[in-house]
Amino acid sequence: MELLERDGYLENLQQLYRRVSSGEGHTAFMMGEAGIGKTALINAFLKQINDKSNVYVGACDSLFTPTPLGPLYDIARNLSHDFWELLRTETDRANIFTSLIQELDEASLPVVLVFEDVHWADEATLDLIKFLARRIVRLKCLFLLSFREDEVGLHHPLRLVMGELPHQSVTRLHIEPLSEAVVHRLSEKAGYAGKEVYRLTRGNPFYVNEILASYSHGIPENIKDSVLSVFNRLDPAVKALWELIAVIPNRIENWLLKKVAPDDTQILETCFQKGILKADDHYIFFKHELFRIIIEESLSPPRRIWLNKQLLDILLAHRDPHIELARLVHHAKSARENDTVAKLALEAAPKAASLGAHTEAAEFYTTAITYASHLTPEEMARLHEAHAYECYLTNQILEAINSQKKALDLWRERQDKLKEGNALRFLSRLWWFQGNRKQSETFALEAIAVLENGFPTRERALAYSNLAQLKMLSDNVEQALHWGGKAIELAHKLEDQEILCHALNNVGTVCLTRPALHQKGGTDLHQSLSIAIAQGYQEHIARAYTNLGSCYVLTKQYDKGLTALEDGIAYCEERDLDSWTYYMLSWKARLYLEQGLWDKAASIAGDLLRNPRHPSIVRIGALVVLGKLLLRKGKDGALDLLKEATTLASSTLEVQRIVPVATALLEYRWIHGITDEFNEIIELAGQLLQQQDNPWYISEFNYWKHKSTGKPAVKEEIVDPYKSELQGDWKKAAKLWQELGCPYELAMALSDGNEEGQKQALTILDELEASGTSERLKQKMRLSGIKSIPRGLRQSTRENPAHLTTRQIDVLHLLQEGLQNQEIADRLFISLKTVDHHISAILSKLAVNSRMKAVAEASRLGILK
């Protein structure tokens, strides 16, 4: 069927290709239901640019467990020999991904890279898509990816990957069905009732084509009957060939078909001539995947088993390196060869894990557990532990706990104390991730009790460090130092750098937020980072950057915090350590909130909350940041966000999760004049703070509790600037907040001052567009008898399209004159840090990334002349 109503899509692709040819790479997702014509559209586009570019096409398969990096194997043979060898032998996927980018970068012509059917993509392929799409702008490459939109729901991994890509370099093309008018026209030409054809097909090109083709008599009740009516009238030899090809997901290799059906050359030619089968240099396949699926599903169980057994025997005998283990597992399962399934799954799982395809590794281990009948108890225990670890990495915590429990039982049956203790330690870690702190500590202590045998074992050192980490996370400095010290001592005896690195991180983190231990904390954390970098411990590097950044933000050392977070995020993004990246981003959002860069804070928090699969530690931080912003700006939705944060935080029993939520709700009570709401979470925060001595959480909580209730602070560990505010020295507090670069907190301090101070507070809140807080302050001023109260957002701010404040427009004028930041600070009599904040806000509001572009955009909008 000719390509109809697709000119617009082809023109879009041509425009993207022209951008790529000029040096700016781009990613395009082509989405639509099965049969909508994604492949036909791609082929038509490739035909248009075939002699102008290097084209590489790969596809994902619908195996029981997808093949790690399947599309990459498809295209590898068309790249350099070195890359093919690297792909076959390299286990570090970062090297594979980097080498692919180098291959694409060295191409003499623009590259069009196509991955089809990525709704079936394995985890490693999804990581590759993310890795390449994030860097695509550096390459002369158009990255086309097709998928069935109806198979990619809200929580599908591909949907989450798409949400994390830079929107500037990504295009989404929704391929629409044919219009009713076109279906009517095509139907009339073929002698069919157009209205009925459209009712059956809803304009799906494949369905329309099959119904209008001469494969069946009349209009079938459904497409399945249409395809099967053709199939059932075929010559038995042709049917047998179709059945054979149908049990192989997606396509069959030429060499394999010659081995399994050496006498079918003439039959193949007939199928090619009729257009039923297609071929390229390496594969033979049905012209549409729906043909294959319908035929495969029509096979009787014995016939399907026999065909898969025939293929499996040939594949196992041949063991071509191109045949992935996932494919062998698929055929072994379909052939009911249970022992072979177990053996292959055990081989496939660690290979998938080494490529970073941890979801697939977990599935392979699940398969091995299901089918294994010949393993010893010790082998089964190791298998369950391997499965638990892969489930842990892929956020399948309940499944991990279940497998780890089975491993624990097996180790206990064997009376292997080291293995038993180690299993208990990992169960402790799993229960912490599940949000059950009580269970976590119970297993942690039990692990130590089992391993306290007097011998310096690695398992015991790990158990000590695990408990130190739990105490650090609950902000119990005394216990964290005790268990961390024991882990460090044992790590030195064992000369184990990894345990030393882990334990130093725990101890350093808990010390860094205590003024008396601050220097020790910084030393220990930086030593942990140095060890991790020297030894290549990627997770520990990420953890060190995370804890340095979060501690510096908590203690208001924003410059150090921003450096640590940006270094850590860059490190983790380069290696796709996404869980650490997202957690650091939640702290970066908090940093921007406290520094008055509210647009940046909202952007980061909003992006994080759009991914529902983020763990609670990420969501809590993002919910609090966005909830506070909506609250302060007087917008709807703040309470819903803070209620969700309350639910998530309450089960953690950790100060660092609960106190930020409680203080946000205390601020909510103050702004809305409420005195008796959210008591449960607020009381829980108070109880936890009575049990530990982190001065920063204590200070912020007591400040907002005092502000919302009028009750005096009850803890002595309060630090400045909170201390000065609570003592009534609003001028000193305001000076300290200004030096720290916290404009909202500066406004809060001024709001407790005299009339002049309160008016200054309104000006700052005006610039922050914090109308919710501003109205609360105005109410207070009116009650105190102040007459001349500023009305709010200046007319000049309301009227300019970007809602720039008067001060930001002043800065823009000086940027237009070419002044640098220090010169602007001198001219306007403000601090250098305040200038930085204004420029960041200007760039954000004008949606540009440089000072020159800001001036140009402001001129275009009429803000500047």
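The values are calculated or read from the model by the stated rules, or taken from the named source; none is laboratory data. Everything numeric here is computed off the predicted structure, so don't read it as measured data. All Cβ positions, even for glycine, are placed from backbone atoms using ideal geometry, and neighbour counts span all protein chains on display. In case anyone asks, the SASA skips ligands and DNA or RNA and just uses the protein heavy atoms, side chains included. Shrake-Rupley method; radii C 1.70, N 1.55, O 1.52, S 1.80 Å.
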Would you work out the Kirkwood radius for the range 454-529? I mean one over the mean of 1/r across all pairs of different Cα atoms, in Å.
11.8
Within the accessible area of the chain (1.4 Å probe), percent carbon and sulfur
49
Helix 38-49: angle to the longest alpha-carbon principal axis of the chain, degrees 0 to 90, nearest 10?
90
What FRET efficiency would be calculated for the residue pair Glu106, Lys853, taking the C-beta separation as r and a Förster radius of 45 Å, to the nearest 0.05?
0.90
What is the Cα coordinate range of the range 324-382 on the first, second and third principal axes, sorted by size from largest, in whole angstrom?
28, 28, 13
Answer label, with P(r) over Cα pairs in 20 Å bins from 0, in percent calculated from the coordinates and candidates (i) 15, 44, 30, 10, 1; (ii) 12, 31, 28, 18, 9, 1, 0; (iii) 12, 37, 33, 16, 1, 0:
(iii)
Accessible-area order for Met380, Met31, largest to smallest, probe 1.4 angstrom, reads Met380, Met31
If I ignore ligands, DNA and RNA and count only protein heavy atoms, how much of Ser21 is accessible to a 1.4 Å probe, in Å² to the nearest 10?
50
Divide the volume of the convex hull of the Cα atoms of the range 375-451 by its number of residues and quote the answer in cubic angstrom per residue.
66
Write down the radius of gyration of the range 7-176 and its Dmax, each obtained from C-alpha positions, in Å.
15.0, 43
Using amide H atoms built 1.01 Å from N in the peptide plane, name the residues 5+ places from Cys141, or on other chains, whose amide H lies under 5 Å from its own.
Gly25, His26, Val111
What FRET efficiency comes out for the pair Glu489/Arg782, r = Cβ-Cβ distance, R0 = 60 Å, nearest 0.05?
0.40
Dipole moment magnitude, nearest 20 debye, the chain about Cα centre, only Lys, Arg, Asp, Glu C-beta charged:
1940
Given N residues in the range 79-155, what is Rg(Cα) / (2.2 N^0.38 Å)?
1.18
Distance between the range 568-636 and the range 125-181 - C-alpha centres, whole angstrom
23
Using only Cα atoms, tell me the angle between helix 223-232 and the longest principal axis of the chain; keep it within 0 to 90° and round to the nearest 10.
30
Can you pull the percent of Cα pairs in the range 48-90 with separation above 17 Å?
44
Counting only DSSP beta bridges with both partners in the chain, the antiparallel fraction in percent, to the nearest 5, comes to 20
As a quick test, which of the pairs Lys759/Lys787; Lys780/Lys845; Lys333/Lys406 have an alpha carbon distance above 19 angstrom in this structure?
Lys780/Lys845; Lys333/Lys406
Residues of the chain: accessible area per residue with a 1.4 Å probe, Å²:
43
For the range 546-648, state the average projected area of the convex hull of the C-alpha atoms over all orientations, rounded to one decimal in nm².
6.1
Does a label point 7 Å from the Cα of His155, set along Cα-to-beta-carbon, have any residues of the range 616-631 with amide nitrogen under 12 Å, and which are they?
none
Listed by chain and number, the residues whose amide H is under 5 Å from that of Val719, excluding neighbours fewer than 5 places away on the same chain and using placed H, are Ser699
Starting at the first residue of the range 81-86, write each ³J(HN,Hα) from the Karplus equation 6.51 cos²θ - 1.76 cosθ + 1.60 with θ = phi - 60°, in whole Hz, x for Gly and Pro.
4, 4, 5, 4, 5, 4
